[in-house]
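Asker: The structure is given below, and queries will be raised subsequently.
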Amino acid sequence: MDITGRTVFIPGATSGIGRALAIALAERGNTVIVGGRRRELIDDLRAAHPAIDGVEIDTSDAASIDRAAAEVLERHPGLDVLITMAGVMAAEDWTSPAGFVETAERTVTTNLLGPIRLIGAFIEHLLTRPAATIMTVSSGLAFAPLRVTPTYNATKAAIHMLSESLRLQYADTPVSIVELVPPAVQTDLMPGHAENPHAQPLDDYIAEVVAILERDADVREVLVERVTFLRHGEARGDYADVVRALNASDPHAQR
Ligand SMILES: NC(=O)c1ccc[n+]([C@@H]2O[C@H](COP(=O)([O-])OP(=O)(O)OC[C@H]3O[C@@H](n4cnc5c(N)ncnc54)[C@H](OP(=O)(O)O)[C@@H]3O)[C@@H](O)[C@H]2O)c1
């Protein structure tokens, strides 16, 4: 994927992977617009990095997406990359409705409906560009389930299949689909996750992602070394072992 001279909008870049990727892309000379609900974090990023702009956006709210999209396109008519980064992850207990229904609805709204609505808000513009990229964000958990987060796993599997499907629909257009498939990465996605010894340090992860993007102009899935264990279990024929190992090393697995 070309990561020079692009204009990139990353809703979900106030922290974690989105924030680190925004800084890495800005440092390589791209114009980056960060988005999220936490205004103060957007302002901090803008103050520290002259190539970074920002908009407030709640991707669980259709009206907020439309408002933010209009603002981004007015200020950055050259926008040619959308990265649908915003996501939430929460443990669920599916043995009673109180343990999962509300969390599941919130997770689907942010992780699946959010990217769908974002693509809806930007696709007509992106199709007018000579070359454009939509980067979706799935997870290794799209390919092997973590016991405690059923809806999260399901939304990420849906994002994978959406990415595969859109690649077919946009085949004869200027729009490319790139799927970022992170392994466990040390961020604040879940309580304690930033200190999880089984997760990849954020800086290492971003360095590996940038190297893949720079090396492979036609990359379809951004797969760092650590995620291949989860991604290719079925193809290797050791899926059952992968699921067992994943859940044995999960600190929440005994709940
Ligand atoms: N870290 C991992 O282990 C891992 C593994 C696989 C996939 N991923 C995926 O990577 C993406 C980034 O996660 P992360 O690990 O970097 O976690 P994070 O540090 O918690 O970042 C999540 C980002 O999403 C934004 N966000 C969440 N809900 C939002 C909403 N309703 N509207 C707008 N922005 C929203 C947050 O911004 P505000 O709170 O400011 O709104 C924040 O910028 C997610 O899609 C996640 O599923 C992460």
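Asker: Obtain the nm distance between the two label points defined at Asp204 and Ala98 by a simple spin-label model: each point lies 7 Å from its Cα along the Cα-to-C-beta direction.
Answerer: 4.1
Asker: Sticking with this structure for a sec: Can you give the helix-only mean residue ellipticity at 222 nm for the chain, where every DSSP H stretch with n ≥ 4 adds -39500 (n - 2.57) and the sum goes over all residues, rounded to the nearest 500 deg cm²/dmol?
Answerer: Numbers: 10 runs with 109 residues, N = 255.
After summing the helix terms and dividing by residue count, I get -13000 deg cm²/dmol.
Asker: Related question: Got a sec to turn the phi values of the range 196-207 into Karplus ³J(HN,Hα) couplings, 6.51 cos²θ - 1.76 cosθ + 1.60 with θ = phi - 60°, whole Hz, x for Gly and Pro?
Answerer: Once θ is set to phi - 60°, the couplings for the range 196-207 become 5, x, 7, 9, 6, x, 4, 5, 4, 4, 5, 4 Hz.
Asker: Anyone know which of Tyr170, Tyr152, Tyr205 comes out most mobile in the 10 Å Cα GNM of the chain?
Answerer: Greatest mean-square fluctuation among the candidates belongs to Tyr170.
Asker: With bins 10 Å wide starting at 0, give me the P(r) of the chain over every alpha carbon pair, in whole percents.
Answerer: Pair shares across the bins are 7, 31, 38, 19, 4, 0.
Asker: A further question on this structure: Lys and Arg at +1, Asp and Glu at -1: add these up for the other residues within a Cβ distance under 9 Å of Thr59 and post the number. The partial results should precede the final answer.
Answerer: Values: positive: Arg37, Arg117; negative: Asp58, Asp61.
Net local charge, Thr59 excluded: 0.
Asker: In the range 2-61, if every C-alpha pair distance is counted and binned at 10 Å from zero, what percent goes to each bin?
Answerer: Pair shares across the bins are 28, 58, 14, 1.
Asker: Moving on. To check you understand DSSP bridge types, tell me what percent of the beta bridges within the chain (both residues inside) are antiparallel, rounded to 5. Let's see the in-between values first.
Answerer: On the way: 0 of 25 bridges.
Antiparallel bridges: around 0 percent, rounded to the nearest 5.
Asker: Also: Based on other C-beta atoms within 10 Å, arrange Arg117, Arg231, Arg236 from fewest to most.
Answerer: With the sparsest Cβ surroundings first, the list reads Arg236, Arg117, Arg231.
Asker: Still on this structure, please answer the following. Using all alpha carbons of the range 142-255, what is the percent of pairwise distances in each 10 Å bin, ordered from the shortest bin to the longest?
Answerer: 13, 39, 36, 11, 1
Asker: A further question on this structure: Starting from 0.36 nm per residue, how many nanometres of slack lie between Ala235 and Ala248 once their C-alpha separation is accounted for? Don't skip to the answer; put the middle values down first.
Answerer: Values: separation 13, 0.36 × 13 = 4.68 nm, distance 2.14 nm.
Between Ala235 and Ala248, full extension yields an extra 2.5 nm.
Asker: What number comes out for the charge environment of Asn30, summing +1 per Lys or Arg and -1 per Asp or Glu over other residues with Cβ under 14 Å away?
Answerer: On the way: positive: Arg6, Arg28; negative: Asp2, Glu27, Asp53, Asp80, Glu214.
Its environment carries a net charge of -3.
Just so you know, all these numbers are worked out from the coordinates, no wet-lab data involved. Computed from a predicted structure; not experimentally measured. FYI the Cβ positions are ideal-geometry reconstructions off the backbone, even for glycines, and counts take in every protein chain you see.
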